[in-house]
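The values are calculated or read from the model by the stated rules, or taken from the named source; none is laboratory data. Just so you know, these numbers come straight off a predicted model, no measurement behind them. Ideal geometry is used to build each Cβ from the backbone, glycine not excepted, and the neighbour counts take in all protein chains shown. Keep in mind that these areas ignore ligands, DNA and RNA; they rest on the heavy atoms of the full protein, side chains included. Shrake-Rupley method; radii C 1.70, N 1.55, O 1.52, S 1.80 Å.
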Amino acid sequence: MILDKVYRQLSENAWNYRPNEITSWRLARKLLLRQAQTQTQIRIVDVGAFSGQFLSMLPQQWTKAAVEPCLSVRQSLAERRIEWLADFVENVPPDHFEQFDVVTLFDVFEHLPAPSETLRDAIRLLRPGGKLLLSTGNSGHWSWRLLGGQHWYLHTLQHLCFASQRSLRWIAKTQGLRIMSLIRHSHKRRCLREKVRHCVETVHWSARRHQGWKQSVAGLIQRLPSQHGLVHRDRAPMAISLKDHLLVCFEKPVV
């Protein structure tokens, strides 16, 4: 696929994350540290790990591995003592099957052309009783319903599929997994003021796309203090502070 080549050729600076801002990472770290209270040595593999920033947030004594197609980050992974397993999860050698306590996929699901197949391959890496943590956009969120095809998460051509609470429960059923927790969260951590601003901008953009009383709502919002500039907006807001994402923790059953 063309996208496969794009991911392999990415610059090491293509996704320069600030770990404390990524809400899914912070929530997942909290869940995993809770698990570590009863299990001292944990083997974890991050699918789509890029340079390994999330894995670096976890205890040093854990055994860490990565599945990542980008060639430019291999050195960064090695420096962080993260074992590189394969470019894509379907290419992980069989000797790694059922060897991990945790598999994580952060902002990966939406890039998958065949999500069910990829998740099946990821589940093969888990030992019985292991956890699969997946975070992606929630297409059932109110902002998606208001904005439709103009939601900010649809801006990139790399995003191919989208999830909701209903579809994640369907995945659990078809893949033979159990949902341990399902948490709604924002893409990035922001202050309350910015969350309110993103809510107002989302409602405004939705209202101005309609006729009648809904368009009148847009006019009322534009008259609010500090909202006059919305009349000049030419695209839907990139509302990264809204809780329009889901973090789901699946458990692989013990046979």
Pull out the extension gain between ARG178 and TRP213, defined as 0.36 nm times the separation in residues minus the alpha carbon to alpha carbon distance; nm, one decimal. 8.1 nm
What does DSSP give for the chain in terms of the percent of beta bridges that are antiparallel, rounded to the nearest 5? 45 percent
The set of residues whose placed amide H lies less than 5 Å from the amide H of SER139, leaving out same-chain residues fewer than 5 positions away, is ALA163, SER164
Under the Karplus relation 6.51 cos²θ - 1.76 cosθ + 1.60, θ = phi - 60°, what is the ordered set of whole-Hz ³J(HN,Hα) values for region 193-205, x standing for Gly and Pro? 4, 6, 4, 5, 4, 5, 4, 4, 5, 5, 4, 4, 5
Sorted by chain and number, the residues with a modelled amide H under 5 Å from that of ALA86, at a separation of 5 or more or across chains, are GLU68
Computed over the Cα atoms of region 78-132, the Rg and Dmax in Å are 11.5, 33
Send over the Kirkwood Rh of region 114-251, from the inverse of the averaged 1/r over different Cα pairs, rounded to one decimal Å. 16.9 Å
Just order 186-196, 111-121, 243-253 by mean Cβ neighbour count inside 10 Å, highest at the front, would you? 243-253, 111-121, 186-196
How large is the convex hull of the C-alpha atoms of the chain per residue, in Å³? 140 Å³
Using θ = phi - 60° and the Karplus curve 6.51 cos²θ - 1.76 cosθ + 1.60, what whole-Hz ³J(HN,Hα) does each residue of region 228-239 get, with Gly and Pro shown as x? 4, x, 5, 5, 9, 5, 10, 7, 5, x, 8, 8
Region 1-98, relative contact order in percent, only Cα pairs under 8 angstrom and at least six apart counted: 26 percent
Exceeding the 30 Å Cα-Cα cut-off - candidates LYS131/LYS243; LYS5/LYS243; LYS173/LYS243: LYS5/LYS243
With runs of 4+ DSSP H residues as the only contributors, calculate the mean residue ellipticity of the chain at 222 nm using -39,500 (n - 2.57) per run, divided by the residue total and rounded to the nearest 500. -9000 deg cm²/dmol
First check a/c for region 192-255, with a ≥ b ≥ c the square roots of the eigenvalues of its C-alpha gyration tensor; if it is under 1.5, answer rounded, and if not, answer prolate when a/b is larger than b/c or oblate otherwise. prolate
Which of MET180, MET57 is most accessible, then next, and so on - probe 1.4 Å: MET180, MET57
Length-normalised contact order of the chain in % [C-alpha pairs under 8 Å, at least 6 apart]: 20 percent
Within region 77-112, list the chymotrypsin sites (Phe, Trp or Tyr not before Pro) lying in a DSSP loop whose Cβ has at most 14 other Cβ atoms in a 10 Å radius. PHE97
Three-way shape call for region 16-143 based on the alpha-carbon gyration tensor, with the a/c threshold at 1.5: rounded
